[in-house]
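First up is the structure itself, then whatever we jot down about it.
The values are calculated or read from the model by the stated rules, or taken from the named source; none is laboratory data. Treat the numbers as computed from the prediction; the structure is a model and nothing was measured. Cβ placement follows ideal geometry from the backbone for every residue including glycine, while neighbour counts extend to all protein chains displayed. We work out accessible area using only protein heavy atoms, side chains counted, and drop any ligands, DNA or RNA first. Shrake-Rupley method; radii C 1.70, N 1.55, O 1.52, S 1.80 Å.
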Amino acid sequence: MYPITRHSSRLALRELTIDDVDAVHAIYGSPEATEHLSFTPRSREQVGVLVARSIAAASATPREEYALAATTRRSGELIGYVRLANDPHQPSAATFGFALRPDTWGVGYGLEVVRLICDLAFTGLGLHRLWAARSPHNVASERTLLAAGLTEEGRIRAHVHVRGAWRDSITYSILREEWESGQADANAAYR
């Protein structure tokens, strides 16, 4: 499926372009934005490689990964990086993650992004299950995932090695039937 586009009232998901490197670096190079992620801030060169790899993955057949730009609809400005990847251990399932530029936090964009990801997964790709993991210290992510209708599943102990230490992850999931029944009204607004 290419190209991917999804819209909410304020945001859009679209395919990445090579022109997005600086905007993605504003997220992945930020100590604040990467505080709870599974890696430390990345250099512009590392982000350039990531964006190039993401663009290449978009043309793979079959497509296993969807790395997308989250942009504002009004200006088209990139404010987030989204990744949805097929889970090789579960049929018809995928994992996702996202990060937003810190100056856009606190206005509900995270919830809109998660709803757009769910819409892509269930109505666009026909998946059965979608899951995500967060740092135990990322309370904003916890609130966002729960508000989007995901269910907390549990803790993976010592799951991620970052900043010289092992860190747990808290996992969440949502099933297609839960999305369809619990998000039917919201879902209509995000197509």
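Relative contact order (percent) for the chain, with alpha-carbon contacts under 8 angstrom and 6 or more residues of separation?
Values: 338 pairs, mean separation 37.9, N = 191.
Here the relative contact order equals 20 percent.
Any idea of TYR2's accessible area? Nearest 10 Å², probe 1.4 Å.
Ignoring ligands and nucleic acids, TYR2 comes out at about 150 Å².
With both bridge residues required to lie in the chain, what share of the DSSP beta bridges run antiparallel, to the nearest 5%? Mind showing how you got there, number by number?
Numbers: 36 of 39 bridges.
If I count the DSSP bridges inside the chain, around 90 percent turn out antiparallel.
From the backbone phi of the stretch 162-178, what are the Karplus-calculated ³J(HN,Hα) couplings (6.51 cos²θ - 1.76 cosθ + 1.60, θ = phi - 60°) in whole Hz, Gly and Pro given as x?
Each residue's phi maps through the Karplus curve to give 8, 6, x, 8, 7, 10, 6, 10, 9, 9, 9, 8, 9, 9, 3, 5, 5 Hz.
Using 1/(1 + (r/R0)^6) with R0 = 22 angstrom and r between the beta carbons of ARG10 and ALA52, what's the FRET efficiency to the nearest 0.05? Please list the in-between numbers first.
On the way: r = 29 Å, r/R0 = 1.30.
With R0 = 22 Å, the Cβ-Cβ based efficiency is 0.15.
Name the trypsin sites (Lys or Arg not before Pro) in the stretch 27-73 that are in a loop by DSSP and that have at most 16 other C-beta atoms within 10 Å, would you? Walk me through the intermediate numbers first.
Values: sites: ARG42, ARG44, ARG53, ARG63, ARG73; in loops: ARG42, ARG63, ARG73.
For trypsin sites (Lys or Arg not before Pro) across the stretch 27-73 that sit outside H, G, I, E and B with at most 16 neighbouring Cβ atoms in 10 Å, the list reads ARG63, ARG73.
Mind checking the full-extension length gain between ASP22 and SER181? Use 0.36 nm per residue of separation minus the Cα-Cα distance, one decimal, nm.
Values: separation 159, 0.36 × 159 = 57.24 nm, distance 3.91 nm.
Length gained between ASP22 and SER181: 53.3 nm.
When ranked by the protection proxy of mean other Cβ atoms within 10 Å per residue, highest first, what sequence do the peptides 116-124, 161-169, 147-155 form?
Values: 116-124: 23.0, 161-169: 12.1, 147-155: 15.2.
Ranked by mean Cβ neighbours within 10 Å, highest first: 116-124, 147-155, 161-169.
Suppose all protein chains stay in the model; what accessible area per residue would a 1.4 Å probe give for the stretch 63-191, in Å²? Display every interim value, and only then the final one.
Working: 6030 Å² over 129 residues.
Here the per-residue accessible area is 47 Å².
Using a/c under 1.5 as the rounded threshold, could you call the chain rounded, prolate or oblate? The axes a ≥ b ≥ c are square roots of the C-alpha gyration tensor eigenvalues, and prolate needs a/b larger than b/c, oblate otherwise.
Since a/c stays below 1.5, the shape of the chain is classed as rounded.
Quick check: at a probe of 1.4 Å, how many percent of the accessible area of the chain sits on carbon and sulfur atoms? If you can, show how the numbers build up before the last one.
On the way: 4850 of 9390 Å².
With neighbouring chains kept in place, the figure for the chain is 52 percent.
Suppose only helical runs count, i.e. DSSP H with n ≥ 4. What mean residue ellipticity at 222 nm does that imply for the chain under -39500 (n - 2.57) per run, divided by all residues and rounded to the nearest 500 deg cm²/dmol? Intermediate values should be presented prior to the final figure.
Numbers: 6 runs with 55 residues, N = 191.
Using -39500 (n - 2.57) per qualifying helix, the result is -8000 deg cm²/dmol.
Enter the accessible area of GLU65 (Å², nearest 10), with the probe set to 1.4 Å and all protein chains included.
Looks like 20 Å² after rounding.
Using the Kirkwood radius over C-alpha pairs as Rh, can you work out the diffusion coefficient of the stretch 40-136 via Stokes-Einstein at 20 °C, viscosity 1.002 mPa s, in µm² per second?
Details: Rh = 14.6 Å.
Estimated diffusion coefficient is 147 µm²/s.
Just read off the accessible area of GLU32 with the full protein assembly in place, 1.4 Å probe, to the nearest 10 Å².
100 Å²
So between VAL160 and ARG143, what do we pick up on full extension, going 0.36 nm a residue minus the alpha carbon distance? Don't skip to the end; give the middle numbers.
On the way: separation 17, 0.36 × 17 = 6.12 nm, distance 2.12 nm.
Here the segment from VAL160 to ARG143 would lengthen by 4.0 nm.
Based on the Cβ-Cβ distance from GLU45 to TRP105, what FRET efficiency comes out when R0 is 22 Å, to the nearest 0.05?
Numbers: r = 26 Å, r/R0 = 1.19.
E(calc), rounded to 0.05, equals 0.25.
Need one word for the stretch 99-159: rounded, prolate or oblate. Basis is the Cα gyration tensor (sqrt eigenvalues a ≥ b ≥ c); a/c below 1.5 gives rounded, then a/b vs b/c decides. Walk me through the intermediate numbers first.
Values: a/c = 2.08, a/b = 1.09, b/c = 1.91.
It comes out oblate by the Cα gyration axes.
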